[in-house]
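Bear in mind that the values in this text are calculations on the coordinates, not laboratory data. Values in this document were obtained by computation on a predicted structure and should not be read as measured data. All Cβ positions, glycine included, derive from the backbone under ideal geometry; neighbour counts span all protein chains shown.
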Amino acid sequence: MDMMKLLLTLVLMMDMSFRFADAGDFALLVDIANATIYAGSMSQRLADAEALPLSGLVSPVAVDYDPVEKMVYWTDKGSQPTHKISRARLDGSNQMIVVEDLRTPLGMALDVESRMLYWSDFALEHIGRARMDGTGSKEIIVDNLDSPQTIVVDHRNGHIYWTDWGLSRIERANLDGSSRQIIIETDLGIPHGVAIYGK
């Protein structure tokens, strides 16, 4: 199986968003059942994948990577006392909570250029954003959704894209949540993932 087929298979199996990033020769994978996030080499076809030494994982869902500060970010829909988004280095050091008091954070994506973190809350039916370093307050930028799932950022063109299970469609908006519009709503069942690719 060539690398592109492998990546597409992983996207479909993991129900996650996918984004190409200049992050080096590795990929991150989430195993919800075993509450583990793995990192493996793309050149090794993930044969060397190992669990990251992160603490307190309960039900991690989405994962993304910041190649600037070399930090991995993840959502956890089972963490207590509240569901949250956390970050840490690949060696497990500097682990910290970035956003908490969430209900069911399923999708998450980083805008590395503007240093903003976006997430979808399945239960609260909205999309929020906050600074990647955890400072400042979180803000709701898109609401009145049904069952938002994955989300991806297209910084170059100034958009976010997300899937909505309940409405069976893919939508987009500007990075601040304005100019919301439907992209696809025909012949979709339960859209799990969305991807963008651009050089």
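So here's what we get for this one:
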{"quantity": "Alpha carbon centroid spacing (whole Å) that separates segment 100-145 from segment 150-178", "calculated": "12 Å"}
{"quantity": "Two-site FRET efficiency, residue 123 against residue 186, from Cβ-Cβ distance with R₀ of 25 Å, rounded to 0.05", "calculated": "0.40"}
{"quantity": "Over the chain: helical MRE at 222 nm, DSSP H runs n ≥ 4 each giving -39500 (n - 2.57), nearest 500", "calculated": "-2000 deg cm²/dmol"}
{"quantity": "Whole-number percent relative contact order across the chain, with pairs defined as alpha carbons under 8 Å at least 6 apart", "calculated": "14 percent"}
{"quantity": "Simple label model, 7 Å out from Cα along Cβ direction - residue 25 to residue 51, nm", "calculated": "2.6 nm"}
{"quantity": "Dipole magnitude (debye, nearest 20) for segment 73-144, charges at Cβ of Lys, Arg, Asp, Glu", "calculated": "160 debye"}
{"quantity": "Charge dipole (debye, nearest 20) of segment 3-196; +1 at Cβ of Lys and Arg, -1 at Cβ of Asp and Glu", "calculated": "140 debye"}
{"quantity": "Linear extension gain, residue 157 paired with residue 114, 0.36 nm per residue minus alpha-carbon span", "calculated": "14.2 nm"}
{"quantity": "Label-point separation, residue 140 to residue 94 (7 Å along Cα→Cβ), nm", "calculated": "3.3 nm"}
{"quantity": "Charge-dipole axis of the chain as Lys and Arg at +1 and Asp and Glu at -1 on Cβ define it, positive-most pick from 184, 161, 106", "calculated": "161"}
{"quantity": "Read-out semi-axes √(5λ) of the Cα gyration tensor in Å, derived from the coordinates shown; its label in [x] 27, 21, 13; [y] 24, 20, 16; [z] 29, 18, 14", "calculated": "[y]"}
{"quantity": "Partners for residue 70 among aspartates and glutamates (Cα-Cα distance below 12 Å; same-chain residues under 8 apart left out)", "calculated": "22, 91"}
{"quantity": "Radius 13 Å from Cβ of residue 49, net charge of other residues (Lys, Arg +1; Asp, Glu -1)", "calculated": "-3"}
